[in-house]
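Chemist: Pasting a structure below so you can have a look.
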Ligand code: NZQ
Ligand code: ZN
């Protein structure tokens with residue numbers, strides 16, 4: 001295991017009805033006036049918006065509102081939010097929704113105290129020093145932004161989907177996780193979220209670091225729980241127990257507990273961001289296409305790790321004489337699981353075209369850090385091209 005520092009200071013209030021604590025928690029973390037950040041309207045239909053605004057009113061905390069954040073959030077709403085936040089003199093961002101809304105709130109919180117263009121921070125030209133505090137009321141178990149040190153925004157000019165440099169400073173002050181709000185999710189969004197949280201664990205699981213049993217076992221427990229809960233939530237969207245498992249798993253998958261002390265990969269995420277930038281697909285759906293193709297491509301690098309994954313996560317029988325057979329069976333079961341929950345498996349399933357692959361690799365090359373990507377196996381433009389062709 002490698003040396004590490006793990007700092008995850010978010011307060012999590014978990015369970016049915018916890019949104020009634022919104023006002024109290026904003027106060028606890030120093031907020032006097034809130035900018036609410038919401039998406040296209042689901043929060044007004046599932047009760048979360050009403051619960052939060054009632055709690056703010058009860059606590060005597062005024063609020064303004066930025067609405068209409070779309071999935072794969074774009075820079076225009078960040079600029080609009082920075083202006084609004086300054087004009088209304090808000091000192092606290094409260095996101096009600098999923099990763100897109102939370103990331104917009106995080107980007108606004110970085111941009112308000114900075115005189116220049118917030119994108120400078122994403123481009124690595126300005127460090128993240130001070131930010132406004134951010135709170136979250138989560139309504140979809142997926143991206144894990146409620147506990148994460150990252151934030152992903154698409155710059156409209158050039159359609160560049162980039163993450164900001166990772167930093168503990170942007171972890172939310174608090175996150176309210178009420179699984180009942182996720183019961184209104186369409187099946188496709190539930191499944192995309194499930195895929196994303198599995199991918200967050202897998203990006204950490206496939207490592208070259210030795211002696212990482214504790215985080216291997218943590219990741220395996222989470223993956224098995226998610227794999228068991230997903231069909232239950234899809235069959236019965238109101239299954240509170242399954243929704244609760246998924247919601248807490250989504251946070252644990254990405255606050256980096258499972259990544260402590262080990263080198264992490266993240267190639268599949270980087271490749272997927274080019275897909276969702278170009279085709280506006282759900283992030284989890286893009287991962288369903290990329291991740292198994294990446295696995296096939298890198299499998300020869302460490303057959304035994306893939307065989308372990310197959311046996312411990314997918315209950316495959318170990319073929320000691322032919323570990324590669326076991327390893328491949330694990331990937332096949334992962335694909336079958338994705339299919340069973342309604343996820344796409346190929347580029348064409350999400351409307352992506354092989355002729356756009358050079359555009360995607362070129363765009364990735366423009367990112368700070370660009371190539372090579374991935375730490376389990378280093379991926380250059382040619383390897384990224386091969387992986388995307390495997391996903392055709
Ligand atoms: O806009 P509304 O009407 O709210 O609808 C949303 C949206 O269309 C809907 N939704 C959310 N909660 C709902 C609901 N519909 C019915 N009932 C509910 N309870 O779901 C749709 C997707 O929402 P979104 O916020 O986009 O989902 P998700 O949480 O998957 O976030 C995806 C974004 O997060 C980024 C992704 O790249 C993508 O841009 N990521 C952020 C990360 C981070 N900051 O740590 C890490 C991830 O790897 C990821 O890259
Ligand atoms: Zn993700």
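Chemist: Would you point out the residue of region 342-358, among those that are within 20 Å of the chain's Cα centre (by Cα) and surrounded by 20 or more Cβ atoms within 10 Å (Cβ to Cβ), that is farthest from residue 391 (Cα to Cα)? So that I can check it myself, show each step before the final result.
Modeler: Within region 342-358, the subset within 20 Å of the chain's Cα centre (by Cα) is 342-345, 350.
Okay, now just the ones that are also surrounded by 20 or more Cβ atoms within 10 Å (Cβ to Cβ), so 343-344, 350.
Working: 343: 13, 344: 10, 350: 11 Å.
This residue is 343.
Chemist: What single numbered condition from (1) out of contact with any strand residue (DSSP E or B) (no Cβ under 6 Å at 6 or more places or on another chain); (2) touching a residue at least 60 places away in the same chain (Cβ under 8 Å); (3) in a helix (DSSP H, G or I) fails to hold for residue 277?
Modeler: Going through the list (1) out of contact with any strand residue (DSSP E or B) (no Cβ under 6 Å at 6 or more places or on another chain); (2) touching a residue at least 60 places away in the same chain (Cβ under 8 Å); (3) in a helix (DSSP H, G or I), residue 277 breaks only (1).
Chemist: Still on this structure, please answer the following. Look through region 28-48, keep the residues that are in contact with a helix residue (DSSP H, G or I) (Cβ under 8 Å, 6 or more places away or on another chain) and over 28 Å from residue 155 (Cα atoms), and return whichever of them is surrounded by the most Cβ atoms within 10 Å (Cβ to Cβ). Even if it seems obvious, please write down each step before you answer.
Modeler: First, the residues of region 28-48 that are in contact with a helix residue (DSSP H, G or I) (Cβ under 8 Å, 6 or more places away or on another chain): 34-39, 42-48.
Narrowing the set further to residues that are over 28 Å from residue 155 (Cα atoms) leaves 45-48.
Numbers: 45: 9, 46: 19, 47: 15, 48: 25.
Here the residue is 48.
Chemist: Under 24 Å from the mean Cα position of the chain (by Cα), part of a helix (DSSP H, G or I), under 24 Å from residue 302 (Cα atoms) and touching a residue at least 24 places away in the same chain (Cβ under 8 Å): which single residue out of 385, 361 fits that description? Walk me through how you get there before you give the answer.
Modeler: Values: 361 fails: under 24 Å from residue 302 (Cα atoms).
Going through 385, 361 in turn, the sole match is 385.
Chemist: Among the residues of region 5-14, is there at least one that is at pLDDT 95 or above, in a loop (DSSP other than H, G, I, E, B), in contact with a strand residue (DSSP E or B) (Cβ under 9 Å, 6 or more places away or on another chain) and loosely packed, with under 15 Cβ neighbours inside 10 Å?
Modeler: Among the residues of region 5-14, not one is at pLDDT 95 or above, in a loop (DSSP other than H, G, I, E, B), in contact with a strand residue (DSSP E or B) (Cβ under 9 Å, 6 or more places away or on another chain) and loosely packed, with under 15 Cβ neighbours inside 10 Å, which makes the answer no.
Chemist: Being in contact (Cβ under 8 Å) with a residue 12 or more places away in the chain, closer than 29 Å to residue 111 by Cα and more than 9 Å from ligand 1 (Cβ to nearest atom) narrows it down to one of 211, 168, so name that one.
Modeler: Going through 211, 168 in turn, just one is in contact (Cβ under 8 Å) with a residue 12 or more places away in the chain, closer than 29 Å to residue 111 by Cα and more than 9 Å from ligand 1 (Cβ to nearest atom): 168.
Chemist: For region 283-299, indicate whether the set of residues that are in a helix (DSSP H, G or I), over 18 Å from residue 379 (Cα atoms), modelled with pLDDT of 95 or more and away from ligand 2 (no atom under 16 Å from the Cβ) is non-empty.
Modeler: Within region 283-299, none of the residues are in a helix (DSSP H, G or I), over 18 Å from residue 379 (Cα atoms), modelled with pLDDT of 95 or more and away from ligand 2 (no atom under 16 Å from the Cβ).
Chemist: Where in region 27-91 are the helices (runs of 4 or more DSSP H), entirely inside, with at least 1 residues that are over 30 Å from residue 287 (Cα atoms) and at pLDDT 95 or above?
Modeler: By residue number, 48-58, 75-87.
Chemist: Hey, could you check region 184-212 for residues that are under 22 Å from residue 228 (Cβ atoms) and surrounded by fewer than 17 Cβ atoms within 10 Å (Cβ to Cβ) and say which is nearest to the chain's Cα centre (by Cα)?
Modeler: The selected residue is 188.
Chemist: Since residue 124 meets every condition but one in (1) in contact (Cβ under 8 Å) with a residue 60 or more places away in the chain; (2) part of a loop (DSSP other than H, G, I, E, B); (3) away from ligand 2 (no atom under 16 Å from the Cβ); (4) over 11 Å from residue 164 (Cβ atoms), which condition does it not meet?
Modeler: Going through the list (1) in contact (Cβ under 8 Å) with a residue 60 or more places away in the chain; (2) part of a loop (DSSP other than H, G, I, E, B); (3) away from ligand 2 (no atom under 16 Å from the Cβ); (4) over 11 Å from residue 164 (Cβ atoms), residue 124 breaks only (4).
The values are calculated or read from the model by the stated rules, or taken from the named source; none is laboratory data. Everything numeric in this text was worked out from a predicted model, so none of it was measured. Positions of Cβ are backbone-derived with ideal geometry, glycine not excepted, and every protein chain shown enters the neighbour counts.
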